[in-house]
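The values are calculated or read from the model by the stated rules, or taken from the named source; none is laboratory data. This structure is a prediction, so every number in the text was calculated from the model and none was measured. For neighbour counting, all protein chains shown are included, and Cβ atoms are generated from backbone atoms with ideal geometry for every residue, glycine included. For accessibility, only protein heavy atoms count, side chains too; no ligands or nucleic acids. Shrake-Rupley method; radii C 1.70, N 1.55, O 1.52, S 1.80 Å.
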Amino acid sequence: MDPQTHFLDQLHRTVKPHAARPEPELWFRELRLLDRLDLTAERRRITLHRGFNILWAAPEDPDIEQGLYRDGLAGHASGKTLFCRILRHLLGEDPIGTHSQRDGIHKKFLSLWAVASVRVGCRSWIVGRPLATDGEKFAVPVETFEEALSGPDAPEGGYDEFITEVKKLGQSIEPLFPNAGWRHLLTWLARDQEARFSSLVAWREAVSQGDNPQTKVIDRHQVMRAALGLLDHREPALRQKLEGDQTTLETMRIRHVTDETQLTGKAVLATDQAAKLLGEEMPKETDAIVARLDSLAEVLRDGAQGLSKRPPAPAVVAAQKRLNAANKTLTLAESTREQVNKQLPELRNRRNRDLTVARQIKTGNVVDPTRADANFCPRTLIYAKKKGCYEDTNPTDESALSVTDLENQAKADSIAITALEAKAKKLNAEMSKLETAVADAETHLSHATTEANRDLAMILQKAASAEGIAKLYRSIDETRDEQTKTADAIKKREEALDNDRATLARLRRDMEENVVELSNIFADIIRGVMGASVEPALRLTADGIEPHVTRGSELSGAALDTIKTLAFDLAAVIASIEGKGDHPRFLIHDGPREGDMARVIYERFFLYAAGIENAFPSPDEASFQYLITTTTPPPKSMREGTRWLLEPVLDSRDKSKRLLKEDF
């Protein structure tokens, strides 16, 4: 008896394919790895089909290969994950793999191409991308490899058109991520093995170095909900609005409380200050208090104006005279010092000039030295100039007609310079005292003025206090008005938030029927692999889709998280088979088994997936494609010679049985 038939007999739920969905929206028919774009240069060929596909990398046999230092990598490093990455790469994902994988390919191959026969939207394509070189990717809308590659020229172009068709599969995601719907959807359809299938939204891990949109958890839930028909596209915008409005409301509440605290403090301060100023005359009503303060300030200002017109006090007059005298003395000293400072450089220049001229004549500084030797040149300036004995470069007073006169004048200037320098020194010494005297006089005048106007200052200060307190009362009234408006605004925003929350809840409730249907599929898969004693369910919450499995209480653990994730992904495919949502019914699970998952549970996933094909007239008419890579052996009924097991079975111990037939 066929084991699958026996298994399906036990299923509580029957899959009912939708007639309008005759085949997967996306599926691979064949993958060829070529050393060059030539059908004769084939390195590896893997034929796939609709329905369930298993790529197995057989491990060592634990019964005959026990012992230390023996190989233990037969099922690993054989190319399973690279196979999945190549398929993702052909569907538009970059890069092809990790840095290590890319470096290994580039070192081992001068040229290597991945070429696949792909169906997208019921249309056939032959698609190629270079793996080891920077060649031009291409896509040709034909049925066979021969049609695309048998011509004299290598195929060119068409890949953008192909990707445009592929991206249509993410149309339901576009409202969430414009122009990137397919990119986000693909991360779910083909999870990283490194993500360990640890949750519904564990899609990408940094260590895989694959394309990762880096979205929030809530965003990934919305991607799944959109593809499953569980999301009203008004919800994301409404949710974003709610978040923004909630933040604004919290800010308003905090400011309202802060302002209320400050308002209370101002009111206490105003009352205390008004009571001190008005005493027993202070009214009880705020308006009356303000009016009384305004009246008091006006009376005080009038009184101050009268006091300001009285003649200055004798002490102020005397202090002013003292200041005037000090300023006059300081001004005279400054003027004298200025004159001295002006005379000194003039006298020094004249003295130096006279001495220079006298020295020049004495030392024979004449136009014609031979005439000086003959004692021909006179020793007076006027005659020396006339005879051409002396060149007058610094004209001096012509009354000094002789060298003796010049020297006498210079001597007199030196005496005058010495006297002026002494006078300047004395003035500089006295200047500090004079400035101090002016400062003291100014201080004395200020004190005298303050003392004389003490009563006026007190009146003005009291008037200012009355005006300030009245202003404080008015600001309190204005703040109270603003607080009332803020309270009203907070209330209205709270009501709007409640309305938006109610709308959001209604939108989710509108999806409840679809959630229940998906939950029933999920529950059937979980019971199929874990047994009828568990109670599985999917719930749609504000955070997203939550899977639950209970048996008296909630069951948890790494293995169960993997089971939930596998069951959910498979449930999404089945729901789409039955016409619900926009899932393209294409799914890749790369090595999903968690280490402590019971072998029998893992095998039942294979049986369940294969059993879905029985809902169709024949497996080749299945409207889904589910690819799973595994190291753990599939059930015996699904191994060599069955339609589910892809050829070859990979083995890293034999280079020829690795995906690329190379070690790297």
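Just a few scattered comments:
- Residues within the stretch 435-451 that are surrounded by 16 or more Cβ atoms within 10 Å (Cβ to Cβ), at pLDDT 90 or above and over 15 Å from Thr331 (Cα atoms), tallied: 1
- Any hit, the stretch 655-663, residues being at pLDDT below 95 and among the polar types (S, T, N, Q): yes
- Lone qualifier among Ala297, Ala315, Ala275, Ala291 - being open to solvent by less than 40 Å² (accessible area, probe 1.4 Å), among the small types (Gly, Ala, Ser) and assigned to a helix (DSSP H, G or I): Ala297
- Test for Ala304: is it assigned to a helix (DSSP H, G or I), open to solvent by less than 60 Å² (accessible area, probe 1.4 Å), at pLDDT below 90 and more than 30 Å from Ala571 (Cβ to Cβ): yes
- Residue that is farthest from Gly544 (Cα to Cα), among those in the stretch 184-210 that are in contact (Cβ under 8 Å) with a residue 12 or more places away in the chain and surrounded by fewer than 17 Cβ atoms within 10 Å (Cβ to Cβ): Val207
- Some residue of the stretch 231-242 being touching a residue at least 60 places away in the same chain (Cβ under 8 Å) and not in a helix (DSSP H, G or I): yes
- Number of residues in the stretch 227-265 that are crowded, with 16+ Cβ neighbours inside 10 Å, more than 26 Å from Lys492 (Cα to Cα) and either at pLDDT 95 or above or among the small types (Gly, Ala, Ser) (or both) equals 3.
- Tabulated pairs, the stretch 37-48, first touching a residue at least 24 places away in the same chain (Cβ under 8 Å), second surrounded by 16 or more Cβ atoms within 10 Å (Cβ to Cβ) and in a strand (DSSP E or B), C-beta under 6 angstrom, 6+ apart or interchain: Leu37/Trp113; Arg43/Leu33; Arg44/Leu33; Ile46/Leu31; Thr47/Glu30; Leu48/Phe28
- Subset of the stretch 605-627 [hydrophobic (A, V, I, L, M, F, W, C) and either part of a helix (DSSP H, G or I) or open to solvent by less than 10 Å² (accessible area, probe 1.4 Å) (or both)]: Phe605, Phe606, Leu607, Ala609, Ala610, Ile612, Ala615, Ala622, Phe624, Leu627
- Residue match in the stretch 563-577 (condition: farther than 30 Å from Thr503 by Cβ and open to solvent by 30 Å² or more (accessible area, probe 1.4 Å)): no
- Residues of the stretch 635-647 that turn out to be surrounded by fewer than 22 Cβ atoms within 10 Å (Cβ to Cβ) and either among the polar types (S, T, N, Q) or touching a residue at least 60 places away in the same chain (Cβ under 8 Å) (or both), as a count: 8
- Positions within the stretch 78-127 being surrounded by 15 or more Cβ atoms within 10 Å (Cβ to Cβ) and basic (Lys, Arg), in sequence order: Lys80, Arg85, Arg88, Arg102, Arg119
- One residue stands out among those in the stretch 524-565 that are more than 41 Å from the chain's Cα centre (by Cα) and among the small types (Gly, Ala, Ser): the one that is modelled with the lowest pLDDT, which is Gly552.
- Within the stretch 328-354, residues that are more than 14 Å from Leu420 (Cα to Cα) and in contact (Cβ under 8 Å) with a residue 24 or more places away in the chain reach partners that are part of a helix (DSSP H, G or I) and open to solvent by 80 Å² or more (accessible area, probe 1.4 Å) with beta carbons closer than 7 Å, at six or more positions or on different chains, in the pairs Leu330/Glu435.
- Condition broken by Ser111, with the remaining ones in (1) farther than 17 Å from Lys661 by Cα; (2) under 44 Å from the mean Cα position of the chain (by Cα); (3) modelled with pLDDT under 95 satisfied: (1)
- For Lys216, the test of being open to solvent by 60 Å² or more (accessible area, probe 1.4 Å) and without any contact (Cβ under 8 Å) to a residue 12 or more places away in the chain is passed.
- Some residue of the stretch 476-498 being open to solvent by 30 Å² or more (accessible area, probe 1.4 Å), in a loop (DSSP other than H, G, I, E, B) and not aromatic (Phe, Trp, Tyr): no
- Meets criteria (in contact with a strand residue (DSSP E or B) (Cβ under 6 Å, 6 or more places away or on another chain) and of a type in the set (Asp, Glu)) for Glu136: no
- Looking only at the stretch 31-83, and only at residues there that are part of a loop (DSSP other than H, G, I, E, B), over 18 Å from Thr631 (Cα atoms) and not charged (D, E, K, R), the one that is modelled with the lowest pLDDT: Tyr69
- Within the stretch 648-664, the set of residues being open to solvent by less than 30 Å² (accessible area, probe 1.4 Å) and outside any loop (DSSP other than H, G, I, E, B) comprises just one member, Leu650.
- For Arg551, the conditions (1) touching a residue at least 40 places away in the same chain (Cβ under 8 Å); (2) surrounded by fewer than 22 Cβ atoms within 10 Å (Cβ to Cβ) all hold with the exception of (1).
- For the stretch 578-591, filtering for residues that are crowded, with 20+ Cβ neighbours inside 10 Å and either farther than 24 Å from Val166 by Cβ or more than 40 Å from the chain's Cα centre (by Cα) (or both) leaves 1.
- Pairs, first within 17 Å of Asp134 (Cβ to Cβ) and in contact (Cβ under 8 Å) with a residue 24 or more places away in the chain in the stretch 153-172, second of a type in the set (Gly, Ala, Ser) and assigned to a helix (DSSP H, G or I), C-beta under 6 Å, six or more apart: Pro155/Ala148
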